[in-house]
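A.B. asks: Can you keep this structure in mind? I'll have questions shortly.
The values are calculated or read from the model by the stated rules, or taken from the named source; none is laboratory data. For clarity, every value in this text was computed on a predicted model and none was experimentally measured. Ideal geometry is used to build each Cβ from the backbone, glycine not excepted, and the neighbour counts take in all protein chains shown.
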Amino acid sequence: MSRKPIIAANWKMNIGPAEGAAFIAEFKKLTDCSFSCDTVIVPPFTTIPAVLDALGECKCVGIGAQNVSQFDNGAYTGEISTSMLNELGLQYVVLGHSERRQYFGETDAIINAKIKKSIAAGIIPIFCIGETKDERLGGQLETVLDTQVKGGLEGLSADEVANLVIAYEPVWAIGTGLTATSKEAQEAHAFIRQLISNVFGADAAAKVRIQYGGSVNPGNVDELLAQPDIDGALVGGASLKPDSFATLVKAAK
Ligand code: 13P
């Protein structure tokens, strides 16, 4: 089964509206809006309208949100609903990122509720999982991934799982310059795909795209993407400059 690669830029709490618009203008020039992978940019909420404006008619990049509420519109100060993302026409939402788990107390159950809400709204979740350094060193890698996958995807159908995106991001590799070796990454991806097969069936496992994230850069992207179970990348630091992100997108064939 061949899966189309998907490269996503997670800007985190970086890049305001003016810089976001300038980024898109430069990125379009550098790539001619032509590449053979699915490309996604995930700006901070307040930057999204400027990025959509700068893209204009060009649909070469899908835009995502970095979070969404599990609740419908109402009295939830500081939250953003799926219907608000729909109103902007957003296609993706990043959920379960380790920074949300670590700093904002998001549990597998909350992430599961957000994933279901997003799918119901027609928005594709980019569902992040990954172990800490202590968990890996303590031999907990497989248990952690098993708990996160089963908790985050509980109650979903095989079809729903086939159509979302999973991002394996070892926490110790995020923003540290330490990348999992391509062998370590491939082993974790193969384990995740087998888990999906066990719970949701071989067809969902063959279809679901699994991105690697954690210090991906123009120097290591080729080797990572060459692995059979790595279907793309979720990129933080190296996605903040148009030339570097353009290089990553061109690497994915
Ligand atoms: P870095 O690429 O900066 O390590 O961040 C990875 C990440 O967390 C993407 O979601």
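A.B. asks: In the set Glu99, Glu154, Glu106, which member is within 16 Å of the ligand (Cβ to nearest atom) and touching a residue at least 12 places away in the same chain (Cβ under 8 Å)?
C.D. replies: Glu99
A.B. asks: Which of the following residues is acidic (Asp, Glu) and either over 29 Å from Lys28 (Cα atoms) or crowded, with 20+ Cβ neighbours inside 10 Å (or both): Glu79, Glu57?
C.D. replies: Answer to the selection: Glu79.
A.B. asks: Here's something else I'd like to know. So for segment 69-88 (the condition being modelled with pLDDT of 95 or more and within 16 Å of the ligand (Cβ to nearest atom)), does at least one residue qualify?
C.D. replies: No.
A.B. asks: Scanning segment 231-242 for residues that are of a type in the set (A, V, I, L, M) and more than 7 Å from the ligand (Cβ to nearest atom), which turns out surrounded by the most Cβ atoms within 10 Å (Cβ to Cβ)?
C.D. replies: Here the residue is Ala233.
A.B. asks: Give segment 1-27 a look and list any residue that's β-branched (Val, Ile, Thr) and more than 23 Å from Tyr103 (Cβ to Cβ), or say none.
C.D. replies: Answer for segment 1-27, where residues must be β-branched (Val, Ile, Thr) and more than 23 Å from Tyr103 (Cβ to Cβ): Ile6, Ile7, Ile24.
A.B. asks: Quick check on Thr143: is it without any contact (Cβ under 8 Å) to a residue 24 or more places away in the chain, within 16 Å of the ligand (Cβ to nearest atom) and loosely packed, with under 14 Cβ neighbours inside 10 Å?
C.D. replies: no
A.B. asks: Do you know which of the residues in segment 218-230 that are within 15 Å of the ligand (Cβ to nearest atom) and buried (at least 16 other Cβ atoms within 10 Å of the Cβ) is nearest to the chain's Cα centre (by Cα)?
C.D. replies: So, considering only residues that are within 15 Å of the ligand (Cβ to nearest atom) and buried (at least 16 other Cβ atoms within 10 Å of the Cβ), the one nearest to the chain's Cα centre (by Cα) is Ile230.
A.B. asks: Could you go through segment 166-181 and let me know if any residue there is away from the ligand (no atom under 16 Å from the Cβ) and either more than 15 Å from the chain's Cα centre (by Cα) or within 22 Å of Val208 (Cβ to Cβ) (or both).
C.D. replies: For segment 166-181, residues away from the ligand (no atom under 16 Å from the Cβ) and either more than 15 Å from the chain's Cα centre (by Cα) or within 22 Å of Val208 (Cβ to Cβ) (or both): absent.
A.B. asks: Out of (1) crowded, with 23+ Cβ neighbours inside 10 Å; (2) at pLDDT 95 or above, the odd one out for Glu160 is which?
C.D. replies: (1)
A.B. asks: Inside segment 25-45, can you point out the residues that are among the β-branched types (Val, Ile, Thr) and closer than 17 Å to Gln66 by Cβ?
C.D. replies: Thr39, Val40, Ile41, Val42
A.B. asks: Follow-up question, since we're still on this one. What's the number of the condition Ala9 fails, among (1) within 17 Å of Ala238 (Cβ to Cβ); (2) at pLDDT below 95?
C.D. replies: Failing condition for Ala9: (2).
A.B. asks: Check segment 11-25 and report whether any residue there is surrounded by 14 or more Cβ atoms within 10 Å (Cβ to Cβ), among the basic types (Lys, Arg) and under 19 Å from Lys250 (Cβ atoms).
C.D. replies: no
A.B. asks: Right, next: Go over the candidates Gln148, Gln102 one by one and state the one that is over 18 Å from Ile196 (Cβ atoms) and at pLDDT 95 or above.
C.D. replies: Every option except Gln102 fails the conditions.
A.B. asks: Something else now. Does segment 5-17 contain at least one residue that is closer than 20 Å to Ala167 by Cβ and polar (S, T, N, Q)?
C.D. replies: Yes, segment 5-17 has at least one match.
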